[in-house]
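Bear in mind these aren't lab numbers, they're just calculated from the coordinates by the rules spelled out. What you see is a predicted model; the values in this text were computed from it and never measured. Positions of Cβ are backbone-derived with ideal geometry, glycine not excepted, and every protein chain shown enters the neighbour counts.
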Amino acid sequence: HVLECTVRDVMEQGGFHAVPRETVLRIAARHMDEYAKNFMSAAQQTDERCDYLFRRNREEVLGIVGNVADELRVSRFVPCDEELAFSDNGKLPPVIVETPDGQAVLSGFVDRVDTLDTPDGGYFRVIDYKTGHKEFDYTDLLCGQGLQMLLYLFALEDHGRAYLGVSAEAAGVLYFPARAAVLPVEGPVEPQEARLLRQKEARRKGLLLLDEDVLQAMDGSEESRFLPVKRGKTGALTGDLATGQ
């Protein structure tokens with residue numbers, strides 16, 4: 001709820017390149033306060049344990065929102081929609097999957113859709129927020145599991161002109177770790193080491209288009225801080241990448 005509302009508000013105020021990080025966090029804090037007021041009972045709001053847990057969760061959520069802001073500040077991809085529904089009453093129709101045994105109908109939501117406009121055409125990517133641990137597993141795909149976001153991605157490509165207004169190419173799907181991970185360390189660590197460990201835990205999982213210009217547009221930092229991509233000693237890109245074909 002907080003990520004959805006914060007991203008929408010920031011985009012209405014000019015986007016993550018224009019809105020300072022501190023302002024983004026204030027917007028997120030306001031939505032957390034509104035959530036507590038609207039969805040927590042009076043007993044929960046006055047209970048000491050609930051108050052402690054809520055204050056702890058506030059700090060976790062602010063860290064997650066800050067990470068989203070840091071990524072989008074160095075990215076040329078911009079959010080264009082949150083909670084995009086594939087359903088009879090949604091912005092896009094349900095996904096129809098034809099199989100040898102019949103037809104399957106898939107309804108659901110995409111947490112966020114980001115787009116990139118270039119002189120050669122448009123690109124889009126699908127973002128899925130995960131509060132639990134999520135690995136992108138090729139074995140699951142082979143067995144027909146973990147396909148939901150990819151099906152939404154290809155459905156968006158099919159309906160790109162009607163939805164986005166332009167013909168756009170799929171640039172990938174990313175699972176964003178929307179959680180405050182417990183760092184696997186033994187004993188005290190220096191702040192710099194802790195920062196690097198948190199950065200590693202916050203790296204997204206998923207599958208991206210093997211196109212250096214598109215990848216650079218996604219993450220314009222000196223080293224790929226946010227994407228499941230690395231550059232080898234020879235300069236070649238490695239990671240969870242696929243060609244457009």
Exercise. Using the C-alpha gyration tensor of the stretch 136-215, what are the square roots of 5 times its eigenvalues, in whole angstrom, with the largest one first?
Worked result: 34, 16, 11
Seminar exercise, completed: The alpha-carbon pair-distance distribution computed for the stretch 14-72, with 10 angstrom bins and whole-percent values, is 22, 45, 24, 9, 0
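Using square roots of five times the C-alpha gyration tensor eigenvalues, list the equivalent-ellipsoid semi-axes of the stretch 105-245 in whole Å, biggest first. If you can, show how the numbers build up before the last one.
Details: eigenvalues 161, 74, 40 Å².
Output for the stretch 105-245: semi-axes of 28, 19, 14 Å.
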Exercise. Who wins for biggest fluctuation among Val95, Val185, Val110 in a Gaussian network model of the chain, springs between alpha carbons below 10 Å?
Worked result: Val185
Seminar exercise, completed: Scalar couplings 3J(HN,Hα) for the stretch 151-165 by Karplus 6.51 cos²θ - 1.76 cosθ + 1.60 (θ = phi - 60°), nearest whole Hz, x for Gly and Pro, are 5, 5, 4, 6, 5, 5, 5, 5, 9, x, 5, 5, 8, 8, x
For this session: Choose one answer from Ala170, Ala36, Ala202: the residue with the largest mean-square fluctuation in a GNM of the chain with alpha-carbon springs under 10 Å.
Result: Ala36
Exercise. Convex hull over the Cα atoms of the chain, averaged projected area in nm²?
Worked result: 17.4 nm²
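More than 19 angstrom separation, counting every C-alpha pair in the stretch 1-122; what % is that? Before the final figure, lay out the partial values.
Numbers: 4465 of 7381 pairs.
So the portion of pairs separated by more than 19 Å is 60 percent.
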Exercise. Once amide H atoms are placed 1.01 Å from N in the peptide plane, what residues at a sequence separation of 5 or more from Asp211, or on another chain, have their amide H within under 5 Å of its amide H?
Worked result: none
For this session: Could you work out which residue, out of Arg125, Arg73, Arg56, moves most in a Gaussian network model of the chain, that is, has the largest mean-square fluctuation with Cα springs under 10 Å?
Result: Arg56
For this session: Work out the charge dipole of the chain with +1 on the Cβ of Lys and Arg and -1 on the Cβ of Asp and Glu about the Cα centre, then indicate which of Thr23, Leu72, Tyr52 is farthest towards its positive end.
Result: Tyr52
Problem set entry | Calculated from backbone phi, Karplus (6.51, -1.76, 1.60) coupling profile of the stretch 100-108 in Hz, x at Gly/Pro | x, 9, x, 10, 10, 10, 10, 10, x
